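Undergrad: Take a look at this one; I'll ask things after.
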Amino acid sequence: MDFQFNNQTIWFHGITGTVKSVQKWSSTSVSSSGGGGFVHPEHGGHVQSAQISSTVSQHQSFWIVAPDGREKSVENAALPCRDGQSVTLIWGAVKGAKTGQFLVAKNNTTGETAYFDVTNYTDSFPSIGRGGFLLVWFLGYAALCAILVPTLILWIVVPPIAKAHLTSIINKRADPYRRFATNLLSNKEFLATI
């Protein structure tokens with residue numbers, strides 16, 4: 001179904017059905033940083049141990065089967081669900097795009113709603129931006145800082161702060177699209193089309 005939003009035509013589709021074949025698993029990423037040092041045969045030295053960290057990620061996949069037999073496979077939804085529950089999934093994009101990304105899912109049995117990653121929104125709605133202009137801003141800022149304050153600390157501190165700032169800006173730009181997609185979950189005219 002087409003809608004006018006932010007001076008552009010966008011479309012949304014969805015499916016409501018029964019959850020089937022839920023699969024859950026976890027993966028672990030391990031990384032290390034730092035470490036090294038030096039030892040001089042006459043003057044001693046300094047050796048620093050490496051820092052090791054791990055991150056555990058939870059994953060889930062399932063199928064939504066509509067009463068008319070349509071099926072949709074869902075992966076990486078942060079939506080708690082189990083076989084037999086009713087779920088509504090909405091995806092969309094700008095008019096003219098052949099496919100859209102998953103945006104929001106609602107477990108109709110429990111009432112819980114989950115949003116997909118912000119990259120799904122930036123892929124579906126380019127006006128949000130991937131931060132292209134923000135990346136140019138960041139690189140310009142980093143170059144200016146490198147010229148004015150040439151320290152190693154600057155290159156260690158600035159990138160994480162800038163990345164967090166860019167992520168915050170993109171998330172804010174995606175919020176109106178999240179709200180719009182969420183409102184579709186209670187839009188009877190839209191729900192009648194899925």
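Undergrad: Can Gly100 be described as modelled with pLDDT of 90 or more, of a type in the set (Gly, Ala, Ser), under 18 Å from the mean Cα position of the chain (by Cα) and on the phi < 0 side of the Ramachandran plot?
TA: Here the answer is yes, as Gly100 does meet what is asked.
Undergrad: What tally of residues in region 104-126 results from selecting those that are among the polar types (S, T, N, Q) and in a loop (DSSP other than H, G, I, E, B)?
TA: Number satisfying all stated conditions: 3.
Undergrad: Among the residues of region 79-101 satisfying the criterion of being more than 15 Å from Ile10 (Cβ to Cβ) and in contact with an Asp or Glu (Cβ under 9 Å, 6 or more places away or on another chain), which is surrounded by the fewest Cβ atoms within 10 Å (Cβ to Cβ)?
TA: For region 79-101, the residue satisfying everything is Pro80.
Undergrad: Also, quick follow-up: Can you find even one residue in region 12-22 that is under 21 Å from Thr113 (Cα atoms) and not in a strand (DSSP E or B)?
TA: Within region 12-22, none of the residues are under 21 Å from Thr113 (Cα atoms) and not in a strand (DSSP E or B).
Undergrad: If Trp25 satisfies every condition in (1) open to solvent by 80 Å² or more (accessible area, probe 1.4 Å); (2) more than 30 Å from Ser168 (Cβ to Cβ); (3) among the aromatic types (Phe, Trp, Tyr); (4) in contact (Cβ under 8 Å) with a residue 40 or more places away in the chain but one, which is the exception?
TA: (4)
Undergrad: Right, another one. Does Lys106 meet the test of being charged (D, E, K, R), closer than 22 Å to Thr16 by Cα, modelled with pLDDT of 80 or more and open to solvent by less than 70 Å² (accessible area, probe 1.4 Å)?
TA: So Lys106 passes the test.
Undergrad: Out of the residues in region 63-73 that are in contact (Cβ under 8 Å) with a residue 12 or more places away in the chain and either more than 20 Å from Gln101 (Cβ to Cβ) or in contact with an Asp or Glu (Cβ under 8 Å, 6 or more places away or on another chain) (or both), state the one that is least open to solvent (accessible area, probe 1.4 Å).
TA: Filtering region 63-73 for residues that are in contact (Cβ under 8 Å) with a residue 12 or more places away in the chain and either more than 20 Å from Gln101 (Cβ to Cβ) or in contact with an Asp or Glu (Cβ under 8 Å, 6 or more places away or on another chain) (or both), the one least open to solvent (accessible area, probe 1.4 Å) comes out as Ile64.
Undergrad: Test of understanding: among Asn7, Asn76, which residue is free of Cβ contacts under 8 Å to residues at least 24 places away in the same chain and either open to solvent by 80 Å² or more (accessible area, probe 1.4 Å) or among the charged types (D, E, K, R) (or both)?
TA: Of the residues listed, the single one that is free of Cβ contacts under 8 Å to residues at least 24 places away in the same chain and either open to solvent by 80 Å² or more (accessible area, probe 1.4 Å) or among the charged types (D, E, K, R) (or both) is Asn7.
Undergrad: Is at least one residue of region 50-60 over 19 Å from Ala181 (Cα atoms) and surrounded by 15 or more Cβ atoms within 10 Å (Cβ to Cβ)?
TA: Within region 50-60, one or more residues are over 19 Å from Ala181 (Cα atoms) and surrounded by 15 or more Cβ atoms within 10 Å (Cβ to Cβ).
The values are calculated or read from the model by the stated rules, or taken from the named source; none is laboratory data. Just so it is clear, the model here is predicted, and its values are computed rather than measured. Quick reminder, even Gly has a Cβ in these numbers, built from the backbone with ideal geometry, and neighbours come from all protein chains shown. Just the protein is used for accessible areas: all its heavy atoms, side chains included, with ligands, DNA and RNA removed. Shrake-Rupley method; radii C 1.70, N 1.55, O 1.52, S 1.80 Å.
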